[in-house]
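Below is one structure, written out as structure tokens; the observations come after it.
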Amino acid sequence: MKTIAKYAAVAVLALGVPAISVAQDAAAGAKVSVNAMAKGSASNYGSLISSLQAGKSADLSAFSDSSTISFVTVSSLKADADAKALDNALNKNASVVAGLKTSIDANAALKAKIEAAGYSVDKVVAITAEADGSFVVYVDDRA
């Protein structure tokens, strides 16, 4: 009975966590996770919209091969706001997002990590730096 309870607890925890670990390239050194709700990361559309409107962006010059990076897909965020509101925020801040993509292209280590995780730079809409020095990359994976 204890064994069944133990497996049930593990299953509940596994199903309740939205993060999926991605295998790390041993030579690269950066820790990578997908849809990890990092401390301080946006957990819903409203948070991402606020971040976009505030022009919050990480200092990408601090990103190196040993930096920890997490990816959050827009589809994994709670849609507490209308998707049109997110689209409007992205359109309103298109020049900021374009500048972000230019900065990503200029940082070979960051660009390599984004591509190694299976994303393209043109789908990145925001990057934030966390207090612990890690980075969270927001990817618009909506159709």
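Of the residues that sit in the range 90-111 and are aliphatic (A, V, I, L, M), in contact (Cβ under 8 Å) with a residue 24 or more places away in the chain and within 15 Å of Y138 (Cα to Cα), which one is surrounded by the fewest Cβ atoms within 10 Å (Cβ to Cβ)?
Applying the filter and picking the extreme gives V96.
If the Cβ limit is 8 Å and pairs must be 6+ apart or interchain, which residue in the range 117-128 that is within 12 Å of L90 (Cβ to Cβ) pairs with which residue that is of a type in the set (A, V, I, L, M) and in a loop (DSSP other than H, G, I, E, B)?
A126/A42
For residues that are within 16 Å of G46 (Cα to Cα) and touching a Phe, Trp or Tyr at 6+ places or on another chain (Cβ under 6 Å), tally how many sit in the range 84-126.
Number satisfying all stated conditions: 3.
Every read-out reported here was derived from the displayed coordinates using simple, explicitly stated rules and does not represent laboratory data. Everything numeric in this text was worked out from a predicted model, so none of it was measured. In this analysis, Cβ positions are derived from the backbone assuming ideal geometry, glycine residues included, and neighbour counts consider all displayed protein chains.
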